[in-house]
Amino acid sequence: MTAQALETRALVAGYERDLPIVRGVDLNVRAGEFVVLLGPNGAGKSTLVKAIAGLVPIHAGAVLINGEDSTFSPPHQKIRRGLAFVPQTENVFATLTIEENLRLAADILPNNVRARRIDELYAMFPDLAARPGRRAGQLSGGQRQMLAAARALIVAPSLLILDEPSAGLSPKIAAEVFARLQAINATGVTIVLVEQNVKAALAVASRAVILVEGEARHEGSAAELADDPIVAELYLGAAKAGA
């Protein structure tokens, strides 16, 4: 039986207890999977992953990371349990260089492994290795997202969650980011990705879950959902309802 990297059980979350955004979501992600969370704007995708990461209050239900109850664990404890989270914005220190960003992220590691781990990340992201002294604020959108991913991977997590890493990127640069995520997944890291670009996300993910109005409404393999009319129905139906 394949181990569960991430599980949520009837998860209810949101900034206000009386107005939950996530409404009873059951999510199961097997170790090694690449799962994309899809859904129309306002579906609760970002709130769900932020709640899992410990950044949004959870009001009911449970979050398990690698089989361990982490529902109310603070973010730093979740990192030690194997979770790394890359938010959509403010995910790097713009005034610091690439090298300084990575060194700061590596502070959580023992002294004797920090330099080696940074070298491993440079090997994984050659664009970053080519310009370690450049400030993050001077990087292109794609390079900045790669730096954010490298910062998250510095602790060698087993589970990587990203919130819309392609937002604001050109199709070409977004494709490069997605290809890099596929390569990361191929090393054994489980990935959960929130994404608005349905076609591109389904092209790289192994499975997809569609959220509508804070609930998981549909799921299946990425290949199946790429041609599933229910996907368009859930998007367009939600759009009409909110019109």
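The values are calculated or read from the model by the stated rules, or taken from the named source; none is laboratory data. Just so we're clear, the structure is a prediction, and the values are computed from it rather than from any experiment. Quick reminder, even Gly has a Cβ in these numbers, built from the backbone with ideal geometry, and neighbours come from all protein chains shown.
Restricting ALA43, ALA94, ALA31, ALA84 to those that are small (Gly, Ala, Ser), touching a residue at least 24 places away in the same chain (Cβ under 8 Å) and over 25 Å from ALA222 (Cβ atoms) reduces the list to ALA94.
Can you tell which of ALA123, ALA186, ALA200 is of a type in the set (A, V, I, L, M) and under 20 Å from ALA106 (Cβ atoms)? Just a single option satisfies the conditions, and that option is ALA123.
Within region 118-151, being among the basic types (Lys, Arg) and under 20 Å from ILE161 (Cα atoms) holds for ARG144, ARG151.
Scanning region 23-63 for residues that are part of a helix (DSSP H, G or I) and within 17 Å of PRO165 (Cα to Cα) yields a count of 7. Of all positions in region 64-73, at least one carries a residue that is in a strand (DSSP E or B), out of contact with any His (no Cβ under 6 Å at 6 or more places or on another chain) and not aliphatic (A, V, I, L, M). Of everything listed in (1) touching a residue at least 60 places away in the same chain (Cβ under 8 Å); (2) farther than 17 Å from LEU211 by Cα, the single unmet condition for ILE58 is (1).
In the set ILE161, ILE184, only one residue is surrounded by 15 or more Cβ atoms within 10 Å (Cβ to Cβ) and assigned to a strand (DSSP E or B); that residue is ILE161. Does LEU225 qualify as being in a helix (DSSP H, G or I), buried (at least 17 other Cβ atoms within 10 Å of the Cβ) and touching a helix residue (DSSP H, G or I) at 6+ places or on another chain (Cβ under 7 Å)? The answer is yes for LEU225.
Of the residues making up region 105-144, those that are in contact (Cβ under 8 Å) with a residue 40 or more places away in the chain, of a type outside the set (D, E, K, R) and either in contact with a helix residue (DSSP H, G or I) (Cβ under 8 Å, 6 or more places away or on another chain) or closer than 16 Å to ALA183 by Cβ (or both) are ALA105, ALA106, ILE108, LEU109, MET124, PHE125, ALA136, LEU139. There is no residue in region 121-142 that is of a type in the set (Lys, Arg), assigned to a helix (DSSP H, G or I) and either at pLDDT 95 or above or more than 24 Å from ALA3 (Cβ to Cβ) (or both). Looking at region 80-100, is at least one residue assigned to a helix (DSSP H, G or I), at pLDDT below 95 and not hydroxyl-bearing (Ser, Thr, Tyr)? Yes, region 80-100 contains at least one residue that is assigned to a helix (DSSP H, G or I), at pLDDT below 95 and not hydroxyl-bearing (Ser, Thr, Tyr). Among the residues making up region 101-120, those that are under 15 Å from LEU153 (Cα atoms), of a type outside the set (Lys, Arg) and part of a helix (DSSP H, G or I) are ASN101, LEU102, LEU104, ALA105, ALA106, ASP107, ILE108, VAL113, ALA115, ILE118, ASP119, GLU120.
Within region 120-149, the residues that satisfy the criterion of being over 23 Å from the mean Cα position of the chain (by Cα) and loosely packed, with under 12 Cβ neighbours inside 10 Å are ALA130, GLY133.
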